[in-house]
Amino acid sequence: MLAFEIRFPAGRYHATPWDRQVNEGVVEWPPSPWRVLRALISTWYHKAQGDVDEATARSLIEHLSCSLPRFELPVATLGHTRHYMPLFSSKTTKVFDAFASIEHDKRLLVIWQEVDLQEHERTALEILLARMGYLGRAESWIEAQIIDYQETKGNCRPLSGNESIPEDCEGVRTLASIAPASYLSWRATALSEQKERRLVEIRTKAKEKRKPENKVKLGKKDLEKIEQNLPADLFAALHADTADLKGAGWSQPPGSIWVMYLRRKDAFDIKPVATGGMRRNLDGQPTVARFAVASQVPPRLTDAISFAERIHVALVSRSNGSSVFTGCDESGKPLDGHRHAFILCESSLGLGKGQRGEITHIVVHAPMGFELQDRQALDCLTRVWGHGGHDVRLILLGVGQPEDFAGLDTAKGACPILAESQRWVSRTPFVSTRHPKATKTGVPKLDENGLQIGSPEHELRRLLMLAGFPSPSSVEAVPSTDLAGHETRWLSFRRQRNHGEGRKVASGLGYGFRVKFPDMVRGPIALGYAAHFGLGLFVPESP
């Protein structure tokens, strides 16, 4: 008895059935047993040959192919996008991309009730599942692992014998594999048929040329070609490339069989989603979405607050006012704890002619987590207006946790503001919301450490403590940041929101700091006025 779970961190499953064209908008749900086996083989071939020998991989696949799995399908809804896909030439083609949308905390169970693996096979399966990055198309990111079998029959199973389809179910034709022994028997018959067919073709040509038919035989090349067209065993058949098979005229892959599965009729019914209100972040709920920015005239980091405001308006509109983007509950009362979305701008361009410190990426970070409708709003965020008629395109790179994107190597696409570091330095100006305190005679009021209460450094330390960061070992003022090789002072940054005010600023001045912590801390660190719109952002300082 065997069961493993598959989760979809990005909330989407993209896969087109073998016998359908992508623009038909059909999603293969449940994933076909044939696809699951091919995914395991692909993972072994590309990522695990050094840890799992071929004999073990082969015996594992053969065990799984001897019976049909059941599925426990999570709640899902159908969605689609339309976009232009580049071809190998300079042309493009319009694609209708359908997918199943699945809540991140839901899982798909694959259950083999009749399979008992040996210890080395189970270990091999654990390795393959841990390294399997996607199922279906490459954008269908997954996390998979073996689980302790739970007494469930699943809600999606193969139709048996002459069983009729229940009223609350529908039949779904999907592709599965035949057993290894059955494949060898089928192959022997197919070889014989193809040899006979080829012999008839050769004899027909000989007859047309008035040559004796009885002396015509299959040559060595003919026999080799027929052998090569039919994989030697089921394990090899599962390796075959789908495009090659379709190009060769196969109506279905060799070694496969069509099976009818029973799926509930409401498998894709739209379920109501609660909006607004304060939410807690469930374990594993994604808290980060990262976008790449593209435009003929991209905005500069000095205009981060303005650009973040435009993104904020777009997300509020697309999410129907979700609290994670508005920062307010259903009554309009602001949420406590700064757990709603921060919209943070990156500028990772190096030195180069014409570079002006353009914004290259956007990070939307919400400690309270993104629910399904929030992720749908993020998916729909593809464009915001730009100055001078040059709209800014946004390409969603992924949704997950800070550690999924974190790193210091921007050349490899890593995100420094989500990295871990002991030393952090201002990237956008810190704007205080408090005035420095003084007595009636003008004498500064000091705290126990000798800092003037309400001063920029005092306020920075206070906000770090409220945000849960450790007390800094040192704080040092810095006058500017480097944008594409140019020293950019804080006065060069826009420091006031165009719409909405949030907390009133004390003076409107911007400050920068270099902060050292006693231990490594993970970003993002964004504090002060308009921190949710890109101000007060820190980045790790290079050693």
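Since every read-out is calculated from the coordinates, none of them should be taken as a lab result. None of the values given here were measured: they were computed from a predicted structure. FYI the Cβ positions are ideal-geometry reconstructions off the backbone, even for glycines, and counts take in every protein chain you see.
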Selected from Gly154, Ala530, Val288, residue furthest toward positive end of dipole (the chain; charges at beta carbon): Ala530
Integer Hz, Karplus 6.51/-1.76/1.60 couplings in order for segment 431-446, x for Gly and Pro: 10, 7, 9, 10, 8, x, 8, 8, 6, 4, 8, x, 7, x, 7, 10
Which value, in debye to the nearest 20, gives the size of the charge dipole of the chain about its Cα centre, when Lys and Arg are +1 and Asp and Glu are -1 at the Cβ? 2000
Can you compute the equivalent ellipsoid semi-axes for segment 2-177, i.e. the square root of 5 times each eigenvalue of the Cα gyration tensor, sorted largest first and rounded to whole Å? 27, 22, 15
Starting at 0 and stepping by 20 Å, how many percent of the alpha carbon pairs of the chain end up in each bin? 18, 41, 28, 11, 2, 0, 0
Using only Cα atoms, tell me the angle between helix 119-131 and the longest principal axis of the chain; keep it within 0 to 90° and round to the nearest 10. 50
Just to confirm my numbers, what's the Cα centroid distance between segment 300-378 and segment 178-236 in Å? 63
Helix 54-65 sits off the longest principal axis of the Cα atoms of the chain, rounded to the nearest 10 on a 0 to 90 degree scale, by 80
Mind checking which of Phe4, Val22, Leu68 is farthest towards the positive end of segment 1-69's charge dipole, using Cβ charges of +1 (Lys, Arg) and -1 (Asp, Glu) about the Cα centre? Val22
Listed highest first by mean packing, meaning other Cβ atoms within 10 Å per residue, what order do 259-269, 48-58 come in? 259-269, 48-58
To the nearest 10 degrees, how steep is helix 180-208 against the longest Cα principal axis of the chain, on a 0 to 90 scale? 60
Name the aspartates and glutamates eligible as straight-distance cross-link partners of Lys209: C-alpha to C-alpha under 19 Å, and not fewer than 8 places from it in the same chain. Glu201
Straight-distance crosslink candidates among lysines, where the alpha carbon sits under 27 Å from Lys265 and sequence neighbours closer than 8 are dropped: Lys106, Lys153
Kindly provide the GluC sites (Glu not before Pro) of segment 372-454 that DSSP labels as loop, not H, G, I, E or B, and whose Cβ sees at most 13 other Cβ atoms within 10 Å. Glu448
Highest to lowest packing among 509-522, 61-74, scored as the average C-beta count within 10 Å: 61-74, 509-522
Order of 175-181, 464-470, 525-531, 293-299 by packing, highest average Cβ count within 10 Å first? 525-531, 175-181, 293-299, 464-470
